[in-house]
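Take a look at the structure below.
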Amino acid sequence: MWHSALLLGAFLLSGPVRGSDGSASTAITCFTRGLDLRKGTEDVLCPANCPLWQFYVFGDGVYASLSSVCGAAIHSGVITNTGGAVRVQTLPGQENYPAVNANGIQSQVLSRWASSFSVTGTQSTALEAVGRSVSTARPSTGKRPKKTLDKKAGNKDCKADIAFLIDGSYNIGQRRFNLQKNFVGKVAVMLGIGTEGPHVGVVQASEHPKIEFYLKNFTATKEVLFAIKELGFRGGNSNTGKALKYTAQKFFSLENGARKGIPKIIVVFLDGWPSDDLEEAGIVAREFGVNVFIVSVAKPTTEELGMVQDIGFVDKAVCRNNGFFSYQMPTWFGTTKYVKPLVQKLCSHEQMLCSKTCYNSVNIGFLIDGSSSIGESNFRLVLEFVSNVAKAFEISDIGSKVAAVQFTYDQRTEFGFTDFVTKDKVLSAIRGIHYMSGGTATGDAISFTTRNVFGPVKDGPNKNFLIVLTDGQSYDDVRGPAAAAQKAGITVFSVGVAWAPLDDLKDMASEPRESHTFFTREFTGLEQMVPDIIRGICKDFLDSKQ
Ligand SMILES: *[C@@H]1O[C@H](CO)[C@@H](O)[C@H](O)[C@H]1NC(C)=O
């Protein structure tokens, strides 16, 4: 007792982890939601290194209470992903929580929710932030720290496999090409290349890409510097897109020295602008789980803008256009001060998010009950639910895909997985679905969908999900067809409304059945299930990767 009183006194004096009312911050997890906390004001402590891509955050500034608290705190800039204290204030529910991309987190839209919260710093967060900026400001003289590195092992705190995709086009020209080599050399030195640290290789982009050397060729800084010095200027158009795609596909094989479980990075150096398109290359890079950084130098002037195919080329190439993956230098002269901040980015492991995720690697088939009991207006609510789920995913020909089948006694494929491969087209196809009206044979419909809709994609790279939406009792057996679908590798979620019997819903759902079964009495309740369904899909996706 006496000891803890002393301890308490000490804490009160030093202050850091206490709120203004003297109550200690509660440690929470990355996934604690606003609604998991008690009402009013609470100080909590977020852990460091949360997996940013797994956060569910709805809104901006004011967050729906089902958002992750730490996610919202990072999104709003109150803390970074090194953790810290956060003050959470419960607020009333509202309408139209907006989607905003900030600080590495993409928040999502939500049209309505019963309660909200806001996040601010506590006194201690402010103190920590000051401490951080002081300590990072000190060694910024560009000198290496005194601590002697094991030269051969390299910088063990920066494990990364990096391809420098350098500009060898007529845009940069021979003279600036040499300045570029200087800069890349400085980056290589500061990275601390070594057997246990970062490995680098170089690809030159011009008319056609050329791999100059691979990751496995050199594991000592000196050798890399020598190889960079020897690089010859090729000249030609600035086909950066082509080179990026080629590098993503060819450079990071295990034979060529890529290491398992270590972030893959391509740093694209671009003088001016590319002659080709970067969008497809960016998608391919993401498909291969590569983090693309764009270092743009001497960006187009106002007079030159007319010659640039797509002024948004930087955002098209990076997997998150949150500013982290793009880097600008005004010229190739006086670039020394740009070396260190770039190296710090390349070594920030927790920020390397561009791997395969549940958002870009799933097929989602919706099986939509079109029976008479639903009625036209409720059918619209069902379609809205389908849209809202689909919207959360990154739909493209090499990303996630969506299909829809409507059923009564009969089945109608509204569109298959390969019919529409952009989000806009999928959403407009969903809007265009006409209500059939008729009986309910859910079992037959599941068999039909397994065979005709999932059949053609079953050997593809994506994980398959079927979402069965029904409002009532099926006239046929659902258990057998659902088991067959699951056996074919399809994870089944059942979503029941109104008169849908819970037993049937459970019988259709994948294991564990509780977390794959959803029910709402009213059609208006469908909307609130959207985040849970998305979370469920992401959880299954992650579990399947372990
Ligand atoms: C890199 O290694 C490969 C295979 O070991 C070799 O063929 C190639 O010549 C090496 N490149 C350089 C620049 O040393």
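Nothing in this text is a laboratory measurement; each read-out follows from the coordinates by a stated rule. As the structure is a computational prediction, the values presented were derived from the model and not from experiment. Neighbour counts are summed over all protein chains in view; Cβ atoms, including those assigned to glycine, are modelled from backbone coordinates with ideal geometry.
Data table
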read-out: Calculated FRET efficiency for the pair residue 337/residue 543, C-beta based, R₀ 51 Å, to 0.05; value: 0.65
read-out: Local electrostatic count, residue 116, Cβ distance below 13 Å [Lys/Arg +1, Asp/Glu -1]; value: +1
read-out: Computed [θ] at 222 nm, helices only, for the chain once each DSSP H run of length n ≥ 4 contributes -39500 (n - 2.57); value: -9500 deg cm²/dmol
read-out: Calculated P(r) of the range 156-353 - Cα pairs past 31 Å, %; value: 8 percent
read-out: Helix axis angle, 173-191 relative to the chain longest principal axis, alpha carbon, degrees; value: 80 degrees
read-out: Shape category assigned to the chain from the gyration tensor of Cα positions, a/c cut at 1.5; value: oblate
read-out: Distance in nm between pseudo-label sites at residue 102 and residue 475 (7 Å out along the Cβ direction from Cα); value: 5.4 nm
read-out: Helix axis angle, 240-250 relative to the chain longest principal axis, alpha carbon, degrees; value: 80 degrees
read-out: Fully extended contour minus Cα-Cα distance, from residue 458 to residue 26, at 0.36 nm per residue; value: 150.9 nm
read-out: Burial order of peptide ranges 75-85, 107-117 (average beta-carbon count within 10 Å, highest first); value: 75-85, 107-117
read-out: Estimated FRET transfer efficiency when R0 is 56 angstrom, pair residue 498-residue 253 (beta carbons, to 0.05); value: 0.55
read-out: Shape category assigned to the range 362-545 from the gyration tensor of Cα positions, a/c cut at 1.5; value: rounded
read-out: Most positive-pole-ward Cα, 243, 193, 262, against dipole of the range 156-353 from beta carbon charges; value: 193
read-out: Filter on 156/210; 299/391; 156/340; 216/458 - keep pairs with C-alpha separation over 25 Å; value: 156/210; 299/391; 216/458
read-out: Residue 175 versus residue 260: modelled label distance in nm, points set 7 Å from Cα along the beta carbon direction; value: 5.1 nm
read-out: Of 333, 366, 385, farthest towards positive along the dipole that unit charges on Lys, Arg, Asp, Glu beta carbons give the range 287-385; value: 333
read-out: Cα gyration tensor shape of the range 253-359, rounded if a/c is under 1.5, else prolate or oblate by comparing a/b with b/c; value: oblate
read-out: Rounded tilt (10° steps) of 376-391 against the dominant C-alpha axis of the chain; value: 20 degrees
read-out: FRET efficiency for residue 483 and residue 418, using Cβ-Cβ distance with R0 set to 25 Å, rounded to 0.05; value: 0.40
read-out: Relative contact order (%) - the chain, alpha-carbon pairs under 8 angstrom, separation at least six; value: 9 percent
read-out: Contact order relative to length of the range 362-545, as percent, for alpha carbon pairs under 8 angstrom and 6 or more apart; value: 23 percent
read-out: Zone residues, the range 294-311, relative to residue 321, backbone N less than 17 Å from point 7 Å out along Cα-to-Cβ; value: 294-296, 300, 308-311
read-out: The range 156-353 - percent relative contact order, Cα under 8 Å, separation 6 or more; value: 25 percent
read-out: Antiparallel DSSP beta bridges within the chain, percent to nearest 5; value: 35 percent
read-out: Difference of contour (0.36 nm per residue) and Cα-Cα distance, residue 519 to residue 120; value: 140.1 nm
read-out: 23 Å Cα-Cα threshold exceeded, pairs from 316/423; 159/250; 463/539; 345/463; 186/245; value: 345/463; 186/245
read-out: Relative packing of 488-497, 179-188, which averages over residues the other C-beta atoms within 10 Å, highest first; value: 488-497, 179-188
read-out: Charge dipole (debye, nearest 20) of the chain; +1 at Cβ of Lys and Arg, -1 at Cβ of Asp and Glu; value: 2880 debye
read-out: Contour excess over end-to-end distance, with Cα ends at residue 222 and residue 111 and 0.36 nm allotted per residue; value: 34.3 nm
